[in-house]
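The values are calculated or read from the model by the stated rules, or taken from the named source; none is laboratory data. Just so it is clear, the model here is predicted, and its values are computed rather than measured. No Cβ is skipped: glycine too gets one built from the backbone with ideal geometry, and neighbour counts run over all protein chains shown.
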Amino acid sequence: MAVIQTNGVPTIKEIAAHCGVSQATVSRVLNGNFKHGFSVRQQVHQRIIEVADALGYRPNLAAKNLVRQKTSVIAILGCDVALGWPGNIYQSIIDSCVRRLHNDDYDVCMSIPNLAKDRCELPPWKVDGAIVLQQCSPETLKEMERAKIPYVVINGVGGPGSSSVIPDDIEGARLAMRHLLELGHTKIAYAGPTSEHYEHRSIGDRHDTYLSELAKSGLEPVPDHDRVFSSATAFLVSSVMQHHATAILAYDHIEAMRILQSAHTLEIQIPSHVSLVCFNDEYLCSIVSPPLTTVAVPSRQMGQIAADMLLKCLESPADFLPQCVKLPQNLVVRASTQAK
């Protein structure tokens, strides 16, 4: 059927007029509502579908949701962390999460509100549930708990009614430190997060594990391990050139990239002068020179598991109990580390 001309946004009323049936009949056919004995001849059913398609009709989701009390829409909150810097783990998490939700016929919306105007990050329309990336505002948590909106937090902590999926940062840091210690390094520096990072459990877990693993081996930390990372050049001058560190554990791959660049400028060779390990095995880590040894955070697995948990809660809310799933990390050894 050719496209039918319309004066504006096509409506159920126009479809009904073209088909010679009531608006109620059109609504029931387009929404698949054949309850309470409703039926329609196959020719009429096909005619309604064809006319709706020819007009370019799209259902009014708001009106549809009022009827069925369900939106089939999931909100993803905290998306600003995914946009903060290139190649971070949240981009992989979102991709994996959205694919899983789409497989169950859910649509996904992403909310990045202006918190200076409204501290609640939920979208202004109704959603069935939410995925929170790392953290959201306290007001958002309170509203989801109050409204009993199912939600799962990825790589963060939520309220009493939430579930969460987190990586095991303590074991990941142990893997990195044991790798460097087994290579014979005894002066290991730590490059912590920048001031741009949100307060987060991984900040304490990674740094505390760095200190505890050194202590187990009877070693002292390199000075400035507890300072905010602001300049890769200043960090290398202090840790490598002044305090003679032979290895570095970096909080994430962004700090590691900056260290690589500044090391080249200072003519510090990695790994012959100093070995380098970081967290987050994102794409950039394998294509820089030298490729980075990393602790791989299971970002895609985190996204899929979070989506699965939310879907189970939506299917059987009365039977679902909040839980925290902690996922192991693994060490990917590349050319940025070598024996002392």
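Some notes on this structure:
- Residues of region 111-121 that are surrounded by fewer than 18 Cβ atoms within 10 Å (Cβ to Cβ) and not β-branched (V, I, T): P113, N114, L115, A116, K117, D118, R119.
- Among the residues of region 208-261, those identified as small (G, A, S) and crowded, with 20+ Cβ neighbours inside 10 Å are A232, S239, A245, A247, A250, A256.
- Residues in region 155-193 that are surrounded by fewer than 19 Cβ atoms within 10 Å (Cβ to Cβ), modelled with pLDDT under 95 and either among the aromatic types (F, W, Y) or under 20 Å from the mean Cα position of the chain (by Cα) (or both): V157, G159, G161.
- Some residue of region 147-159 being assigned by TED's automatic domain parsing to the domain that holds P271, out of contact with any Gly (no Cβ under 6 Å at 6 or more places or on another chain), at negative phi and free of Cβ contacts under 8 Å to residues at least 12 places away in the same chain: no
- Condition met for Y251 (under 19 Å from T194 (Cα atoms) and of a type in the set (F, W, Y)): yes
- A residue that is at pLDDT 75 or above, assigned to a loop (DSSP other than H, G, I, E, B) and assigned by TED's automatic domain parsing to the domain that holds E315 cannot be found anywhere in region 90-99.
- Put simply, of H244, H225 the only residue that is of a type outside the set (A, V, I, L, M, F, W, C), closer than 16 Å to G192 by Cα and assigned by TED's automatic domain parsing to the domain that holds G192 is H225.
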